[in-house]
Amino acid sequence: MKLPILHYPDKRLRTIAKEVSKVDDETRLLVKNMFETMYDAPGIGLAATQVDHHERIIVIDITNDKSNPICLINPEIIEKDGEIEWEEGCLSVPKYYESVKRANKIKVRALNEMGETYEIEADELLSVCIQHEMDHLNGILFVDHLSKLKQRRLLEKLKKTAKVKN
Ligand code: NI
């Protein structure tokens, strides 16, 4: 089932997600729906926060053919190294792209859909994507990393578009 995606500046995107205490069938159904929502959008990552579900769950697939679905539950960055600048976008901020600086290499510990602990090492796009989605779980959007001027311009643009729609 496809889930509705919240759009910036919706206040619910500022919610800090809770740890998943038990990975069960309900969690797996949410993960399945999140993958469906992400692939349909289409996007390469989605955090539960974006579908107004405030648990620490992320889905990612940076391939073009849906061949590497990654589910991270209660993700934790345990190592980071280097710096990279990447032009990011977000399903919650449609049609807006800006460069953000993040760590290049990261090592992340998380649970999978079966509730098993695993570790994943990532760099470049996958690393950027994981960090972007983990930000969502803390109520942070990629636009928060931009200058105040850029943030103000974006909000003004969104206000204008909303007026046109009405
Ligand atoms: Ni996003």
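The values are calculated or read from the model by the stated rules, or taken from the named source; none is laboratory data. The model shown is predicted, which means the values in this text are computed figures rather than measured ones. Please note: Cβ atoms are built from the backbone with ideal geometry, for glycine as well, and neighbour counts cover all protein chains shown.
At a glance:
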{"read-out": "Extreme residue, surrounded by the most Cβ atoms within 10 Å (Cβ to Cβ), among residues of the range 10-38 that are closer than 30 Å to R153 by Cα and either polar (S, T, N, Q) or touching a strand residue (DSSP E or B) at 6+ places or on another chain (Cβ under 9 Å) (or both)", "value": "M38"}
{"read-out": "Options K32, K11; residue that is at pLDDT 95 or above, over 15 Å from the mean Cα position of the chain (by Cα) and under 27 Å from K95 (Cβ atoms)", "value": "K11"}
{"read-out": "Of the criteria (1) loosely packed, with under 13 Cβ neighbours inside 10 Å; (2) assigned to a strand (DSSP E or B), which one K159 fails", "value": "(2)"}
{"read-out": "All strands (runs of 3 or more DSSP E) inside the range 35-110 with 1 or more residues being free of Cβ contacts under 8 Å to residues at least 60 places away in the same chain, among the acidic types (D, E) and within 13 Å of the ligand (Cβ to nearest atom)", "value": "84-90, 93-102"}
{"read-out": "Qualifying residue in the range 51-73 (condition: buried (at least 16 other Cβ atoms within 10 Å of the Cβ) and of a type in the set (K, R))", "value": "yes"}
{"read-out": "Near pairs, Cβ below 7 angstrom, 6+ apart or cross-chain, from the range 139-160 (touching a residue at least 40 places away in the same chain (Cβ under 8 Å)) to any residue that is within 12 Å of the ligand (Cβ to nearest atom) and among the polar types (S, T, N, Q)", "value": "L141/S92"}
